[in-house]
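So the structure is just underneath, and the comments pick up after that.
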Amino acid sequence: VRTVNVIGAGNFARTMLLPHLKGQINFGIVANQTPLSANHTKTKFGFAQAATNYNEALNSETPAAVLIATRHNLHAPLVKLALAKNHQVFVEKPLCLTREELAELDDANSKSHGSVMVGFNRRFAPATLEIKKKLAKVPGPKSAVYCVFAGKLDPQHWYANYTESGGRIVGEACHFLDYFCFLFESKPTRVFAQTTWAPAGPTPFPDSIAAQVEFEDGSCGQLIYSAEGDWSYPKERCTIYASGVIVELENFQKLSIHSGRKKKDMAFSSKGHAEEMKAWLTYLQGQGPHPLPYDQSRQSMLLTFAVLESIQKGAAVSLS
């Protein structure tokens, strides 16, 4: 594939994804609901054409990969259409908003000659690769605690529109649940989760949660995703305990590995967006394997839905 078409030209696509593809692959059609954004992106990145109808990006005469960076409620329908046309697809997370949508995508993927990669960028961060290198040498189950201070949600932000975003658990917490799956390379088997409501009373859907995830190999992941806190504290902090090793990761910038009674500090600057785009590009150009197979993204979405179900039921939920 030598060309990529883009659906959704918002700030995220323009700042976090497209700069890492520019000059590496031809930019064909950029489609966005607002003509201003479509034309701005066309000019800035050198697309051949701007459009307001996503069908133009899906039905282009030139064979092209498709990058989808719309609001969340459009992800599954657009991926489904793209797979029906056998496109190679990159879609920003989440892959979909419901189990029903996931079942439809399972079907579409099984019939397609295309592929799907979900934007779980933290898997590709340089700090993550260092962690994986260290954990690969360590036998036995591992434990991880991932704390995310997400901050209060502006009621005017589109994330506060549940219909568009699916809420913060599906829209954001999926990142960190996927990270556990990647760290442990094991299947999640059971989850128990609860919300921690704001003092003023519950919001229409939870945006502060605590979840405990059990894995097949005996590993466990604890996620605390909170809207409550203070911005002097790091937004993301992950601590991993393994045999003879403790790893501390802060904002994917600072990494400390404690091993053999010694502490090794490392510094990084990327959360993995550049690296995930490079990996996808390598695949599109036929120079490497698919960087994130569909089954792995599917598993992370099933885990996310199980977290939501556990909160709703007030009980542990098993993943079949």
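Assorted remarks:
- Elements of type helices (runs of 4 or more DSSP H) contained in segment 37-154, each with 2 or more residues being closer than 30 Å to Lys264 by Cβ: 126-135
- Out of Ser232, Ser243, sole residue that is among the small types (Gly, Ala, Ser), open to solvent by 60 Å² or more (accessible area, probe 1.4 Å) and touching a residue at least 40 places away in the same chain (Cβ under 8 Å): Ser243
- Residues being surrounded by fewer than 23 Cβ atoms within 10 Å (Cβ to Cβ) and either at pLDDT 95 or above or polar (S, T, N, Q) (or both) - total across segment 182-207: 11
- Verdict on Ala108 being in contact with a strand residue (DSSP E or B) (Cβ under 8 Å, 6 or more places away or on another chain) and at pLDDT 95 or above: no
- Met301 vs. criteria in contact with a His (Cβ under 7 Å, 6 or more places away or on another chain) and of a type outside the set (Ser, Thr, Tyr): no
- Within segment 1-20, the set of residues being surrounded by fewer than 22 Cβ atoms within 10 Å (Cβ to Cβ) and under 21 Å from His75 (Cβ atoms) comprises Val1, Gly10, Asn11, Phe12, Arg14, Thr15, Met16, His20.
- Count of segment 14-56 residues which are among the hydrophobic types (A, V, I, L, M, F, W, C) and in contact with an Asp or Glu (Cβ under 8 Å, 6 or more places away or on another chain): 3
- Failed condition for Ser208, given (1) in contact with a strand residue (DSSP E or B) (Cβ under 9 Å, 6 or more places away or on another chain); (2) farther than 26 Å from Ser143 by Cβ: (2)
- Cβ pairs under 6 Å, 6+ apart, first in segment 76-89 and on the phi > 0 side of the Ramachandran plot, second hydroxyl-bearing (Ser, Thr, Tyr) and surrounded by fewer than 24 Cβ atoms within 10 Å (Cβ to Cβ): Asn86/Ser112
- Criterion: touching a strand residue (DSSP E or B) at 6+ places or on another chain (Cβ under 9 Å) and in contact (Cβ under 8 Å) with a residue 60 or more places away in the chain - qualifying residue of Thr43, Thr52, Thr70, Thr98: Thr70
- Conditions (1) under 24 Å from the mean Cα position of the chain (by Cα); (2) of a type outside the set (Val, Ile, Thr); (3) buried (at least 16 other Cβ atoms within 10 Å of the Cβ); number of the one not met by Asn39: (1)
The values are calculated or read from the model by the stated rules, or taken from the named source; none is laboratory data. Quick caveat, the model's predicted, so the values are computed rather than measured. Neighbour counts are summed over all protein chains in view; Cβ atoms, including those assigned to glycine, are modelled from backbone coordinates with ideal geometry. With ligands, DNA and RNA removed, areas are computed over all heavy atoms of the protein, side chains included. Shrake-Rupley method; radii C 1.70, N 1.55, O 1.52, S 1.80 Å.
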